[in-house]
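Derivation of every value follows stated rules applied to the coordinates shown; laboratory data play no part. Keep in mind it's a predicted model, so treat the numbers as computed, not measured. Don't worry about glycine lacking a Cβ; one is built from the backbone with ideal geometry, like all the others, and counts go over all protein chains shown.
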Amino acid sequence: MKQLHCCFHDYTCVVSKILLLQLYILPLCSLLHIIFIIMFFSIMSGGSMHSGLVGLVCLAIASAICCSSVGSSNNIMCLESERHALLQFKQGLVDESSALASWKSEKDCCKWRGIACNNQTGHVTRLDFSFRYINYTEVPLRGEISPSLLELQYLNYLDLSFNDFERIVIPKFIGSLSQLKQLRLRAANFSGSVPPQLGNLFDLHTLDLSYNYDVRSENLEWLSHLSSLRYLNMSGLNLSETVNWPQSLSKLTSITELQLSSCNLHDVNLRSLASINSSTSLQLLDLSYNSLNSSIYYWIANVSSNFVHIDLSSNNLEGPIPDVFTSMLSLVTLDLSSNQLEGGIPKGFQNLCSLESLFVTFFKVKMLGLESNQVNGSVPESVGQLSSLETLSLSRNSLSGVITEAHFLNLTRLQSLAVSNNHFSINLSSDWNPPFQLTGWLDMSSCKVGPAFPKWILTQTNLTGLYLRNAGLSGSLPNKFWDLFSGLGRLDLSMNQIHGKLPNLSSTSLSYVNLSYNLFSGALPSFSPMLGELYLSNNMFSELLSSFCAMQSPDLRYVDISKNLLSGELPNCWMQFQNLYLFNLGKNKLSGKIPSLLGNLQSIGILRIHDNNFSRELPSLENCTGLLMVDLGNNNLSRKIPTWIGQSLPNLVILCLRSNEFNGIIPFSLCSLAAIHVLDLSHNNISGSLPHCLNNITALAHDSIDAPSNLELELVWKGIEIEFGKNLVGMRSIDMSNNCLVGEIPQSIAIMTELISLNLSRNKLTGKLLENFGNMKKLESLDLSRNQISGKIPTSFASLNFLNFLDLSLNNLSGRIPLGTQLQSFNTSKYMGNLGLCGPPLTQSCPGDGTVQDDGITRGTKTVDDGLISLGFFISAVLGFVTGFWMVYGSLLLKTSWRYAYFRFLDNAKDCIYVKTKAKVRRTLQR
């Protein structure tokens, strides 16, 4: 108190205490703030009135910088150090699907895909890269996991599931991410031993390492340190050498869900562990597909009385079911199937009022389903001894070896067989007589079963589904193929080299037909009235006969006959296909007028009749209000662009009218297409000026939902025509090149900040480039060449950091090219034909070079203001001083009781911080 009393009469001491408050309590705004604080203490050490005033000035400057930086940012952005750490992490990854495209286009890493931040501090708290769980069309991430993640000290959620890290070892440094609460590495193709350092994650409540089949653990003692763990899934890991797993698991006193399926757990003397005191919170237990014997019952009985779900299927349980389950009154599901159980159901089960599902198989296995996993190795021939097997599904795994007749030796009851998308080869003799007669489906896609069509398949005449996609077939189909499979419902023979003509298929039961990417020719036949999906693209069909129009298929939804040789006029017979959603006849030789009855397809979502010879005007599609995509490019359509496109198609995402003969002005109604991602009107005869309302297209002006992933389109991208498939999802593009547009570029263009590609080349545009072009931060491709644009290139162009294609050639531009990494990287040809332009990368120098340039860079002996020390800075300094002085320092000087309370609080806080720091150091040393 005596020291405090003295401090009341010494204003330098008061200011020191105020500054200490910032050091102990308030976060520092910047490194510059720290520097000013050091300066303050250095000056204050003099103790004079003058030094005190100078110290106050230092404090005012620090406060001003703090106030100006805080006041100028309403949104908390991620920290630069953490942003740099994430970019280092990305450098180690292989991102074939551009899943992390936003990491390039968005500066604030808190807005990057898969990243979440604390909205108050800006610290990265969440990394979630489990994209493929939602969208399996994306290629998984590959590569290395950089230790730069250690810079993310506040990370509490890490999910790398469903990627392919190509059998690297789980990094040990993950155990140093001390704030982690959830760690998910499911099905990410890791290998090696589980690092015991994971036991250092004391706050972890969720751990999922499942289905990394090459990961093992010889000792689970590290698990016993995770006292907060509530969810643990290690299914698919190799725990065959682990002998202490019951003891380690018994120490997880907070666990509610435990999954150890397919872990090669072997028998241990579990009877001796029955007295272990364990968690009563465990509700879900999955120990299926292991080698456990009946002693597991005694451990389960002691672990918890609150079980809701228990799965012990596919183990080595023998004899009668013991009475250990009858006291589990909360039990809903109990699975004891695929064991060697005997006897009946215990009478005590009648007391299990909550039990809804009981699986107890006392018979041999009837279904073996392992599809869509990461199972590797070869298929054992012993599978052929499962004489009761009815369904065998091994598709979409990593199985290798050779499949022979021995694998099916005694499968006399087999009804459905699926072995597609694996790495094994099929070695079945052509005259093999299978022991089964399939009545379900046969799927051998992406298996080498050709070149000739296998004769043994012709014996399976009761199939409902036949899938031989990419099976190496060539030649023609057997003569009696369609007669043998008259009851077939689904047929996929795509991506082969099958040729020939199709017969009349109206009497079949086909609801799904995919014959695309083959060599079929001739006329299109009529199909089954039950047909729902028809894919015949990339063949050689040449005739679209009226028999196709005679089909009565009310459920037909998908028709793709693109990239064939169809010619003549398109018949006007589409009224009977009212459920049609996708209609693609692109890249054929069709001509004449587009049938008007297409406008009555109210369910149509995707209409593609591009790259044909259709002519005259476009019929009205006003009733097709659900259209997402209209692609009429590369035809001979003429007259004006209809106004109803913008008025009646509110959901349109892609509109392509390129390479036609449309004329007149661009209708203002196109600005009402709020969801448009791609607008291509290039290579027409459109005149007039650009609409000033383009900023009304919400999808181009604001971050919005990506386009549907099932759309495809050919676009001119960076000067080259490219076919966009899955990567069309995130595209935002406007192309109005090769027209007769006049006037200035409207200000609304620069407001479209989501735009990635803009092409206005080969028009007659005049005026100057927009000063705020730099607002279009995501722009990657910009072509304004061959116009009559004049004036200087705005300095904001230098901030287009993602720009990797630029063409400003053949205009009337002048002045210095702004200095920026991107603008100097382009070839000089991209600036040619602008006689007034100068500066790098052009060889022509600018007037005044060698002294002062207008970009704020020192030249010779003169320096231009760089904008850091400006009028705004001094205003902020004054405001910061006044605010900081009168709100804190002034109040403490004028009110004695506040001074007492403040300094008492400050000293207590200092003592508290000291004690906690010492305790933390002591605990660390003890460990």
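Counting only Cα atoms, the size of region 545-685 along its three principal axes is 42, 26, 21 Å, in decreasing order.
Subtracting the Cα-Cα distance of residue 832 and residue 661 from 0.36 nm times their residue separation leaves 58.6 nm of extension gain. Maximal additional length on extending the residue 150-residue 591 stretch stands at 152.5 nm, based on 0.36 nm per residue less the C-alpha distance. Extending 7 Å from the Cα toward the beta-carbon at both residue 81 and residue 552 defines two label points whose distance is 7.6 nm.
Summarising the overall dimensions of region 497-600 from its C-alpha atoms, the Rg and Dmax are 12.7, 37 angstrom. What the Kirkwood sum gives for region 195-265 is a hydrodynamic radius of 11.9 Å, with every pair of different alpha carbons counted.
Using the Cβ-Cβ distance between residue 197 and residue 388 with R0 = 45 Å, the FRET efficiency computed as 1/(1 + (r/R0)^6) comes to roughly 0.45.
Taking every alpha-carbon pair under 8 Å whose residues sit at least 6 apart, region 78-216 reaches a relative contact order of 20 percent.
Restricting the calculation to Cα atoms, every distinct pair contributes to the Kirkwood radius of region 78-216, found to be 15.1 Å. Zone of residue 569 (label point 7 Å along Cα→Cβ, backbone N under 11 Å): which residues in region 594-610? Counting backbone N atoms under 11 Å from the label point, the list is 594-596.
If you plug the beta carbon distance of residue 462 and residue 579 into 1/(1 + (r/R0)^6) with R0 = 22 Å, you get a FRET efficiency near 0.15. Across all directions, the average flat footprint of the convex hull enclosing the Cα atoms of region 379-424 is 2.8 nm².
Once the chain from residue 214 to residue 88 is taken as fully extended at 0.36 nm per residue, the excess over their C-alpha distance is 42.7 nm. Dividing the Cα radius of gyration of region 660-701 by 2.2 N^0.38 Å, with N the residue count, gives 1.18.
Both radii come from the Cα set of region 733-810: Rg as radius of gyration, Rh as Kirkwood radius; their ratio Rg/Rh reads 0.92.
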